[in-house]
Amino acid sequence: MGLWTLLEGLLLLANALAILNEDRFLGPRGWSFSEVSAGGRSKSLKGQLIGLIYATQYLRVPLIILNLIIVVVKLVSG
């Protein structure tokens, strides 16, 4: 267990958050961004988590690049 394993775990968590669909998963559970921003509860824990989910969805292209780097490093290092 090292720093590399921790970084891989965080990358997997970011991947999991990035693929959540608002219409099919987040919206029916009350986790849509418009619902939280309209209610003015963006400072609550739920609002912060929804902001984190939308930030990871916004940064999908850098996330894809990080995934490619991790795969290449794993292939090279064995």
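The values are calculated or read from the model by the stated rules, or taken from the named source; none is laboratory data. Values in this document were obtained by computation on a predicted structure and should not be read as measured data. Glycine also receives a Cβ, built like all others from the backbone with ideal geometry; neighbour counts cover every protein chain displayed.
Brief remarks follow.
- Residue selected from the stretch 55-78 under the condition within 15 Å of E8 (Cβ to Cβ) and among the polar types (S, T, N, Q), by the criterion surrounded by the fewest Cβ atoms within 10 Å (Cβ to Cβ): S77
Matching residues to (1) under 22 Å from T5 (Cα atoms); (2) basic (K, R); (3) modelled with pLDDT under 90:
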site: L45; (1), (2), (3): no, no, yes
site: Y54; (1), (2), (3): no, no, yes
site: K74; (1), (2), (3): yes, yes, no
site: G78; (1), (2), (3): yes, no, yes
